[in-house]
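Accompanying notes for the structure given below.
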Amino acid sequence: MSESVKSPWVLHYDASSCNGCDIEVLAALTPLYDVERFGIINTGNPKHADLFLITGSVNERQVPIIRQLYEQMLEPKIVIACGICACTGGVFKECYNTLGGVDVAIPVDVYAPGCAIRPETIIDAVVEGLGILEEKRRLLAAGSLEPAELPKQPSAADKPVRGETVAAAWQKAIANALQTAGQEEQ
Amino acid sequence: MTPLSFGVALVAFVILGPLLGCFLTGADRIITARMQGRVGPPFLQPYYDVRKLLAKERRSLNSFQGYYLILALIMTILSGAFFFAGGNILLVVFLISLSSLFFIIAAYSTRSPYAEVGAGREIIQVLAYEPMIILLGVFFFLITDSFDTSAVASLELPLVVALPLVFAGLLFILTIKLRKSPFDLSFSHHAHQELVKGITTEMSGRSLAVVEITHWYENVLFLGYVGLFFVWAPPSTLILAVVVALAVYFLEIVIDNSFARVKWQFMLSWSWIVSLLCSALSLVLLAVLNGFVV
């Protein structure tokens with residue numbers, strides 16, 4: 001086992017949601033679970049981090065922030081979506097303001113479900129991610145690591161909800177309202 | 001000190017310095033974890049960290065930053081080599097100050113606001129500990145009539161007997177030098193009390209590995225300062241010096257785990273008060289011991 005696997009440093013970010021998963025991430029860092037056994041250290045600095053743990057669904061305001069944090073991290077790095085909201089958007093998926101899971105903003109390596117995610121699941125997800133981290137380290141050493149492609153800049157207006165985009169639904173609603181108003185005037 | 005003894009000390013310090021420093025840091029992390037009711041990382045965790053950092057992608061906001069950090073490392077190594085070869089203690093002190101200076105320049109060179117806050121705090125730390133370190137050299141000369149650290153080998157009693165208060169002052173500022181709470185203002189090993197990552201905010205990958213290795217060398221050198229107070233004529237006293245240095249390191253770990261970070265005003269004022277009081281009282285003590293008033 002190489003050293004990158006023995007010393008993964010963690011950066012965690014809480015996108016919009018109920019914050020339950022972020023509290024579980026912090027719980028995993030407490031003495032009860034003691035992740036420092038595996039060399040895991042919590043850092044506040046993306047430039048020092050190897051793992052990026054994100055909780056919560058993503059809205060339009062957070063995309064640039066998440067992308068900046070991701071781009072400041074040095075290769076080899078992996079992203080772990082913690083909790084069902086970070087994986088798919090969860091119960092907030094069809095809200096008009098959320099875009100969906102973390103993968104609308106940056107490429108995700110490990111999806112860890114749960115509502116709220118359990119600290120044991122987070123540790124399992126990190127252990128799963130370490131294999132990917134090691135693979136990326138080997139590719140980087142060989143000089144053949146391709147930078148992961150960022151998804152196209154998403155917009156809440158283009159999000160499909162019940163078969164149509166939010167923008168189309170709004171246009172239809174406005175047209176309906178105008179029509180109703182016109183009929184009332186007549 | 002002959003060129004030969006300097007060469008031997010240089011080679012020995014280059015090889016043994018980081019080994020000892022790594023072991024000290026590894027032991028520190030396990031002891032800290034046990035004090036917090038945890039199991040803690042493997043003993044060689046600091047080594048794994050540095051190996052990982054060396055394998056990371058290389059990226060820097062200022063391409064000169066890496067050179068400044070290498071210079072800081074070289075100054076630390078030279079300083080340690082002069083110290084353990086029995087060289088001039090003033091040279092040791094000024095070389096290690098130069099090392100701090102390069103470290104500070106490295107942080108300022110990136111123009112990052114967070115790194116600048118850390119670098120400013122590092123300057124305050126230098127300001128806080130430097131008087132005591134220079135006074136240490138002066139008192140060393142008063143007792144041994146020489147600035148060479150090898151002069152302790154001809155003493156009949158250890159320095160700590162003649163200079164107990166200077167030793168106490170050194171212990172006070174050692175917390176700053178070893179970057180332990182409550183005086184770990186410029187950067188902390190513990191993320192929970194940090195403004196991004198203090199002076200090391202913009203140091204990543206290979207640069208951060210160099211910072212870690214420099215810190216290993218520094219720790220060994222500063223524990224050498226402690227040991228210096230417990231060495232006298234019999235060569236077996238070297239063992240006593242090592243034991244005392246390790247005990248002091250354990251004490252520092254206890255202090256690190258017992259206190260939260262203080263404000264810089266507290267650190268600066270108290271380290272100057274302690275430095276000046278300790279040295280003034282030491283002068284009085286020396287005068288009494290010598291049977292005359294200076």
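The values are calculated or read from the model by the stated rules, or taken from the named source; none is laboratory data. In this text the structure is predicted, and so the values were computed from the model without any measurement. Cβ: placed from backbone, ideal geometry, glycine included. Neighbour counts: every protein chain shown.
List of remarks:
- In the stretch B:54-72, of all residues being outside any loop (DSSP other than H, G, I, E, B) and in contact (Cβ under 8 Å) with a residue 24 or more places away in the chain, the one that is nearest to the other protein chains (Cβ to nearest Cβ) corresponds to B:Leu54.
- Residues within the stretch A:74-109 that are under 30 Å from A:Arg137 (Cβ atoms) and either in contact with a Cys (Cβ under 9 Å, 6 or more places away or on another chain) or within 14 Å of chain B (Cβ to nearest Cβ) (or both), tallied: 15
- Annotation note: Cβ proximity below 6 Å between a residue of the stretch B:135-154 that is assigned to a helix (DSSP H, G or I) and a residue that is among the small types (Gly, Ala, Ser) and buried (at least 16 other Cβ atoms within 10 Å of the Cβ) (sequence gap 6+ or interchain) occurs for B:Leu135/B:Ser279; B:Ile143/B:Ala162; B:Thr144/B:Ala151; B:Thr149/B:Gly86; B:Ser150/B:Gly86.
- Flag for B:Gly17 being modelled with pLDDT of 90 or more, surrounded by 15 or more Cβ atoms within 10 Å (Cβ to Cβ) and not polar (S, T, N, Q): yes
- Some residue of the stretch B:8-28 being out of contact with any strand residue (DSSP E or B) (no Cβ under 9 Å at 6 or more places or on another chain), within 14 Å of chain A (Cβ to nearest Cβ) and of a type in the set (Gly, Ala, Ser): yes
- In the stretch B:29-53, the residues that are within 7 Å of chain A (Cβ to nearest Cβ) form no Cβ pair under 8 Å with any partner that is of a type in the set (Lys, Arg) and in a loop (DSSP other than H, G, I, E, B), whether six or more places apart or across chains.
- Sub-6 Å Cβ pairs linking a first residue in the stretch B:173-198 that is farther than 17 Å from A:Lys47 by Cβ to a second residue that is at pLDDT 75 or above and outside any helix (DSSP H, G or I), at least 6 apart or interchain, are B:Thr175/B:Phe183; B:Ile176/B:Phe183; B:Ser181/B:Phe259; B:Ser181/B:Arg261; B:Pro182/B:Phe259; B:Pro182/B:Arg261; B:Pro182/B:Val262; B:Gln193/B:Arg261, ordered by first then second residue.
- Test result for B:Leu286, touching a residue at least 40 places away in the same chain (Cβ under 8 Å), away from chain A (no Cβ under 14 Å) and farther than 30 Å from A:Pro46 by Cβ: yes
- Flag for A:Glu71 being of a type in the set (Asp, Glu), more than 10 Å from chain B (Cβ to nearest Cβ) and closer than 19 Å to A:Val104 by Cβ: yes
- Of the strands (runs of 3 or more DSSP E) lying entirely inside the stretch A:39-142, those containing at least 1 residues that are under 30 Å from B:Leu208 (Cβ atoms) are A:51-55, A:78-82, A:110-112.
- Checking each residue of the stretch B:114-121 against the condition of being part of a helix (DSSP H, G or I), closer than 19 Å to B:Leu268 by Cβ and without any contact (Cβ under 8 Å) to a residue 60 or more places away in the chain gives at least one match.
- Residue within the stretch A:26-37 that is in contact (Cβ under 8 Å) with a residue 40 or more places away in the chain, closer than 29 Å to A:Glu146 by Cβ and either surrounded by 20 or more Cβ atoms within 10 Å (Cβ to Cβ) or not assigned by TED's automatic domain parsing to the domain that holds A:Asp124 (or both) present: no
- In the stretch B:177-215, of all residues being hydrophobic (A, V, I, L, M, F, W, C), assigned to a loop (DSSP other than H, G, I, E, B) and within 12 Å of B:Glu122 (Cβ to Cβ), the one that is modelled with the highest pLDDT corresponds to B:Phe183.
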